[in-house]
Amino acid sequence: MSRSTGPILAAGGLSLANMVIVHNEASAEKMTRIVVGAGIAAASLALVERLNEQLAVSVAWLALLTVLLVRVDPNVPAPLEGLADWWNKP
């Protein structure tokens, strides 16, 4: 397994868990889109890693950071946004 596969699959899993478990916004279309997108991204980065390993690993970690900070779906808060809301509740 390549070095970029772990972070990119973690980004997909985190997106899926945030949508399904935390915010209960599960629809078959959205879940399928996330799973397929993460798989395609992981395969693509594994191929790019053969040409330029540092670039592929950097993009994978950047994708994970982006998933933590930015909303994937406009109706579902980002994981760190949800954590901040939870932290600030009385």
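Throughout, read-outs are computed from the coordinates displayed, never taken from laboratory work. Only a predicted model underlies this, so the values are computations on that prediction, with no experimental measurement involved. Positions of Cβ are backbone-derived with ideal geometry, glycine not excepted, and every protein chain shown enters the neighbour counts.
When the Gaussian network model of the chain links Cα atoms closer than 10 Å, the mean-square fluctuations of 55, 14, 68 top out at 55. Does region 40-90 classify as rounded, prolate or oblate by the C-alpha gyration tensor (a ≥ b ≥ c root eigenvalues; a/c under 1.5 gives rounded; else a/b over b/c gives prolate, otherwise oblate)? Note, shape of region 40-90 comes out prolate.
Treating only the Cβ atoms of Lys and Arg (+1) and Asp and Glu (-1) as charged, compute the dipole magnitude of the chain about its Cα centre; round to the nearest 20 debye.
Values: 6 positive and 7 negative charges, 20 e Å.
It comes to approximately 100 debye.
DSSP H helices in the chain with Cα extent of 20 Å or more along the helix axis and mean Kyte-Doolittle hydropathy at least 1.0? Qualifying helices: 53-69. Beyond 20 Å, what share of the Cα-Cα pairs of the chain remains, rounded to the nearest whole percent? Beyond 20 Å sits 38 percent of the P(r) for the chain. Once the convex hull of all Cα atoms in region 1-45 is built, its volume per residue stands at 51 Å³.
Positive-end ranking of 86, 70, 28 along the dipole of region 5-88, with charges on Cβ about the Cα centre, is headed by 28.
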